[in-house]
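Encoded as structure tokens, the structure appears first; notes follow it.
The values are calculated or read from the model by the stated rules, or taken from the named source; none is laboratory data. Because the structure is predicted, anything quoted here is derived from the model rather than measured. Quick reminder, even Gly has a Cβ in these numbers, built from the backbone with ideal geometry, and neighbours come from all protein chains shown.
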Amino acid sequence: MQNVAMISEVTEPRASFPIEQEIAPRAPMLWLLVCGLALMVAIAVATVLSIDKFRENAIENGKDGLESAVLLLVRHGVVTRAISPLLLETFSPPPVSARMRP
């Protein structure tokens, strides 16, 4: 069997590697990180846009509801004004002079 020198027994300095050789094995991890960050940014932008669209839809629906309510009240007011003289004649109390007779 061959004797292998332990790390503490090695006196020679470690061989240096060019930078290209050190970055190349990390390239898949770098691409994974870059793509992951791009995906997170895309999700955040899509979320903001969809929230904005839902907010605009809610505002429009609220405006439509208020317009419908106003139109209903106006229509009801027109009908009430048209029949109010009949209602006043039918349900009005007797005049004060008629109530004060002994």
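With in a helix (DSSP H, G or I), surrounded by fewer than 10 Cβ atoms within 10 Å (Cβ to Cβ) and modelled with pLDDT under 75 as the only criterion, which of S8, S16 stands out? Explain how you work it out, then say what you get.
Numbers: S16 fails: in a helix (DSSP H, G or I).
Selected residue: S8, the only one of S8, S16 that is in a helix (DSSP H, G or I), surrounded by fewer than 10 Cβ atoms within 10 Å (Cβ to Cβ) and modelled with pLDDT under 75.
Please work out if S84 is at pLDDT below 95, of a type in the set (S, T, N, Q) and surrounded by 10 or more Cβ atoms within 10 Å (Cβ to Cβ).
Values: at pLDDT below 95: yes; of a type in the set (S, T, N, Q): yes; surrounded by 10 or more Cβ atoms within 10 Å (Cβ to Cβ): yes.
Yes: the conditions hold for S84.
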